[in-house]
Ligand SMILES: [Zn+2]
Ligand SMILES: [Zn+2]
């Protein structure tokens with residue numbers, strides 16, 4: 001196999017929050033829930049297993065046998081629901097390391113998702129080799145030359161934010177986190193000087209505060225305005241708005257992106273198929 005040591009890129013497979021939201025009004029940004037592919041040299045790292053992971057699985061079939069590291073932010077449906085439809089886990093010869101923090105262990109969480117009467121195939125029937133790793137609060141994972149730091153962010157039931165570093169470049173994945181009234185010091189430290197920050201931009205400030213609709217405080221999500229604030233405070237190079245609210249149509253996300261760019265120029269709303277190279 002030719003060396004891919006000099007590659008470091010991300011590809012978005014699902015950027016929607018909470019529930020898949022397909023339809024004519026979400027074509028541009030997509031309706032699949034959280035899944036982000038990260039390639040660091042020959043390493044395949046997958047952030048979250050929302051419904052977007054199904055299509056990523058189809059791509060990976062062409063590279064079999066594969067080994068991939070799956071980092072789960074948390075176990076809410078929109079971040080694990082694609083796992084039972086991720087074909088590479090069904091096939092012998094592939095192997096996976098799955099990391100995540102849940103209130104019960106991560107293997108048990110995925111096992112419960114794949115059970116009668118809600119699913120016809122059990123976790124034990126998968127033919128690939130899967131190693132489960134329960135992580136707690138904050139720490140460090142080393143995958144060959146890839147350094148991964150993680151820390152706890154603010155979400156009901158808990159959530160993990162990840163920083164992935166390779167060859168001097170870094171991305172931070174901060175989905176499903178609430179900013180409350182100030183810049184989150186934990187995320188500030190994790191995201192400091194990173195190249196790309198993926199940030200929970202589920203709501204606008206007006207939606208969050210209740211100026212539009214119900215107030216969304218304590219629901220565990222953030223806003224694009226808070227994203228811009230943390231991106232500036234942490235000196236990140238590029239801000240990616242992530243976890244779009246299911247009711248946000250393409251036109252509204254276009255508007256949000258434009259408004260954010262007026263304050264922080266290097267802001268982009270994530271869309272399915274978005275690719276960004278870091279090397
Ligand atoms: Zn979510
Ligand atoms: Zn969540």
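The values are calculated or read from the model by the stated rules, or taken from the named source; none is laboratory data. Everything quoted here is computed from the prediction, not taken from an experiment. Every residue, glycine among them, receives a Cβ derived from its backbone with ideal geometry; neighbour counts consider all protein chains shown.
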Index of the failed condition, residue 36 passing every other in (1) modelled with pLDDT of 95 or more; (2) more than 23 Å from residue 239 (Cα to Cα): (2)
Residue satisfying all of: in the stretch 206-229; touching a residue at least 40 places away in the same chain (Cβ under 8 Å) and touching a strand residue (DSSP E or B) at 6+ places or on another chain (Cβ under 7 Å); nearest to ligand 1 (Cβ to nearest atom) among these: 221
Selection count, the stretch 40-85, where residues are touching a strand residue (DSSP E or B) at 6+ places or on another chain (Cβ under 8 Å) and closer than 23 Å to residue 187 by Cα: 16
Strands (runs of 3 or more DSSP E) completely within the stretch 58-171 that count 2 or more residues being within 30 Å of residue 218 (Cα to Cα), away from ligand 1 (no atom under 16 Å from the Cβ) and touching a residue at least 12 places away in the same chain (Cβ under 8 Å): 95-100, 129-134, 146-153, 159-166
Hits in the stretch 31-77 (condition: surrounded by fewer than 20 Cβ atoms within 10 Å (Cβ to Cβ) and within 16 Å of ligand 2 (Cβ to nearest atom)): 77
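Report, by residue number, each residue of the stretch 33-48 that is part of a loop (DSSP other than H, G, I, E, B) and within 12 Å of ligand 1 (Cβ to nearest atom). Steps first, answer last, please.
Pass one, the stretch 33-48, residues part of a loop (DSSP other than H, G, I, E, B): 34, 41-42, 48.
34, 48 - these are the residues of the stretch 33-48 that are part of a loop (DSSP other than H, G, I, E, B) and within 12 Å of ligand 1 (Cβ to nearest atom).
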Checklist (1) surrounded by 19 or more Cβ atoms within 10 Å (Cβ to Cβ); (2) touching a strand residue (DSSP E or B) at 6+ places or on another chain (Cβ under 9 Å); (3) closer than 22 Å to residue 67 by Cα applied to residue 134, failing item: (1)
Residue identified as farther than 27 Å from residue 42 by Cα and away from ligand 2 (no atom under 16 Å from the Cβ) among 193, 200, 250: 250
Evaluation of residue 25 against (1) in contact with a helix residue (DSSP H, G or I) (Cβ under 9 Å, 6 or more places away or on another chain); (2) within 21 Å of residue 174 (Cβ to Cβ); (3) more than 12 Å from ligand 1 (Cβ to nearest atom); (4) part of a loop (DSSP other than H, G, I, E, B) (one fails), failing number: (2)
